Amino acid sequence: MGITLRSVGDLAEILSAAIDVPDADQRSGAAASYPPRGPPGKDLRVEFSEQRPDAAAVAVQYRDGWFFIDETDQTTQRFFKLLNALWSVTTADSTSHLANAPVLTVPVSR
């Protein structure tokens with residue numbers, strides 16, 4: 001049995017390849033180019049909409065639209081939660097030796 005270990009950065013890259021990037025951003029070069037999704041990310045999907053989505057588990061407004069994970073997409077939600085937890089642990093571990101580490105507060109709203 002083969003086991004492949006992935007870093008938190010690798011998991012972020014897998015999710016990045018699953019983002020529905022607007023055609024205009026791809027053509028202009030404003031968006032990074034990723035290879036097609038492979039087996040680890042084949043069921044992941046981050047969607048784009050020009051209007052605020054009604055049924056989103058997570059939504060972020062960026063430029064002229066919204067990137068979101070649909071509330072019915074359990075696979076992508078679980079992946080996102082895992083990535084978030086691992087990112088938090090990695091960040092906390094890397095700053096645990098710093099008494100006065102900088103704090104970044106990001107507002108989150110629905």
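The values are calculated or read from the model by the stated rules, or taken from the named source; none is laboratory data. Keep in mind the model is a prediction, meaning the values are calculated, not measured. Using ideal geometry, Cβ is built from the backbone for each residue, glycine included, and neighbour counts are taken over all protein chains shown.
Quick notes on this one:
- Condition check for Ala85: of a type in the set (Gly, Ala, Ser), at pLDDT 85 or above and assigned to a loop (DSSP other than H, G, I, E, B): no
- Set Phe67, Phe48, Phe79: member being surrounded by 15 or more Cβ atoms within 10 Å (Cβ to Cβ) and in contact with a helix residue (DSSP H, G or I) (Cβ under 8 Å, 6 or more places away or on another chain): Phe79
- Selection of the stretch 51-64 for residues being of a type in the set (A, V, I, L, M, F, W, C) and surrounded by 12 or more Cβ atoms within 10 Å (Cβ to Cβ) yields Ala56, Ala57, Val58, Ala59, Val60.
- Thr95 being among the hydroxyl-bearing types (Ser, Thr, Tyr), surrounded by 10 or more Cβ atoms within 10 Å (Cβ to Cβ) and at pLDDT 85 or above: no
- Cβ-Cβ under 8 Å pairs, at least 6 apart or on other chains, the stretch 3-15 side charged (D, E, K, R) and surrounded by 10 or more Cβ atoms within 10 Å (Cβ to Cβ), far side modelled with pLDDT of 75 or more and outside any helix (DSSP H, G or I): Glu13/Tyr34
- Yes/no for Ala12 being closer than 21 Å to Val106 by Cβ and within 11 Å of the chain's Cα centre (by Cα): yes
- Pick from the stretch 26-45, criterion among the charged types (D, E, K, R) and without any contact (Cβ under 8 Å) to a residue 24 or more places away in the chain, ranking: surrounded by the fewest Cβ atoms within 10 Å (Cβ to Cβ): Arg27
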